[in-house]
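In what follows, a single structure is set out as structure tokens and then discussed.
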Amino acid sequence: MDISIHYAFLPHTDGEAALGFYRDTLGFEVRQDVGYRDMRWITVAPAGSPTAIVLHPPAVDPGVTDAERAVVLDLMAKGVYTALSLATDDLDGLFDRVQAAGADVVQEPTDQDYGVRDCAFRDPAGNLIRINQRAAA
């Protein structure tokens, strides 16, 4: 049996800002951009990747109360609601590009004690995005 990850989900609060980060800064392709009423679901991925990220309105599930939605939005604003790790062959180059685009830097490229070189940003909604340097093959 072959199992793979198809989608990862991250909330967004501004579709255009999310596109600016994921499409324009990271270079991801937009696979779907679907609106319903005043909400928007945007699916993005690195070109050729079988795994995609669905950027979705926060806390829109049926049964979520306004108070619960407010808690989610507050956690997102603090950058502690969710996170995603990406990998690249050129960490320093990608860091420079993302920083130049004005993203909120959490951590500059660092050699971690546990053997990973990485950096971290917050996307426009506050989600923590860690980027790891791929090990040389």
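The values are calculated or read from the model by the stated rules, or taken from the named source; none is laboratory data. Since the model is a prediction, treat every value here as computed from it, not as a measurement. For neighbour counting, all protein chains shown are included, and Cβ atoms are generated from backbone atoms with ideal geometry for every residue, glycine included.
Given (1) more than 15 Å from the chain's Cα centre (by Cα); (2) at pLDDT below 95, where does Asp92 come up short, assuming only one miss?
The single condition Asp92 does not satisfy is (2).
Across the stretch 35-53, what is the total count of residues that are free of Cβ contacts under 8 Å to residues at least 40 places away in the same chain and under 29 Å from Asp2 (Cα atoms)?
Keep residues of the stretch 35-53 that are free of Cβ contacts under 8 Å to residues at least 40 places away in the same chain, which gives 35-49.
In the following step, the residues that additionally are under 29 Å from Asp2 (Cα atoms) were identified as 41-49.
Counting residues in the stretch 35-53 that are free of Cβ contacts under 8 Å to residues at least 40 places away in the same chain and under 29 Å from Asp2 (Cα atoms) gives 9.
Pairs, please: C-beta under 7 Å, at least 6 apart or cross-chain, first residue within 14 Å of Leu10 (Cβ to Cβ) and in the stretch 56-77, second surrounded by fewer than 15 Cβ atoms within 10 Å (Cβ to Cβ) and at pLDDT below 90?
Pro57/Met39; Val60/Met39
Which one is farthest from Val34 (Cα to Cα), of the residues in the stretch 55-88 that are within 18 Å of the chain's Cα centre (by Cα) and of a type in the set (D, E, K, R)? Can you show your working first?
The first filter runs over the stretch 55-88 and keeps only residues within 18 Å of the chain's Cα centre (by Cα), leaving 55-59, 72-88.
Going one step further and asking which of them are of a type in the set (D, E, K, R), we end up with 74, 78.
Numbers: Asp74: 25, Lys78: 27 Å.
Here the residue is Lys78.
With the condition kept exactly as written, say whether any residue in the stretch 104-118 is under 16 Å from Gly27 (Cα atoms) and either modelled with pLDDT of 95 or more or in contact with a Pro (Cβ under 9 Å, 6 or more places away or on another chain) (or both).
No, that holds for no residue.
Count, please, the residues in the stretch 18-28 that happen to be under 14 Å from Leu55 (Cα atoms) and surrounded by fewer than 20 Cβ atoms within 10 Å (Cβ to Cβ).
Adding up the residues that qualify gives 2.
So, Val98, is that one outside any strand (DSSP E or B), out of contact with any Gly (no Cβ under 8 Å at 6 or more places or on another chain) and surrounded by 11 or more Cβ atoms within 10 Å (Cβ to Cβ) or not?
yes
If a residue must be surrounded by fewer than 19 Cβ atoms within 10 Å (Cβ to Cβ), more than 15 Å from Phe21 (Cα to Cα) and modelled with pLDDT of 95 or more, how many such residues does the stretch 119-136 contain?
1
Determine, yes or no, whether Phe21 is touching a helix residue (DSSP H, G or I) at 6+ places or on another chain (Cβ under 9 Å) and in a helix (DSSP H, G or I).
Details: touching a helix residue (DSSP H, G or I) at 6+ places or on another chain (Cβ under 9 Å): yes; in a helix (DSSP H, G or I): yes.
So Phe21 passes the test.
Tell me which residues, restricted to the stretch 38-54, are among the hydroxyl-bearing types (Ser, Thr, Tyr) and either surrounded by 12 or more Cβ atoms within 10 Å (Cβ to Cβ) or assigned to a strand (DSSP E or B) (or both).
Thr43, Ser49
To keep it simple, each residue is scored yes or no on (1) touching a strand residue (DSSP E or B) at 6+ places or on another chain (Cβ under 6 Å); (2) surrounded by fewer than 12 Cβ atoms within 10 Å (Cβ to Cβ).
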| residue | (1), (2) |
| --- | --- |
| Ala8 | yes, no |
| Glu16 | no, yes |
| Val30 | yes, no |
| Pro58 | yes, no |
| Arg69 | no, no |
| Val80 | no, no |
| Ala83 | yes, no |
| Asp89 | no, yes |
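Could you tell me how many of the residues in the stretch 91-109 are among the acidic types (Asp, Glu), more than 12 Å from Asp123 (Cα to Cα) and in contact (Cβ under 8 Å) with a residue 12 or more places away in the chain?
Result for the stretch 91-109: 2.
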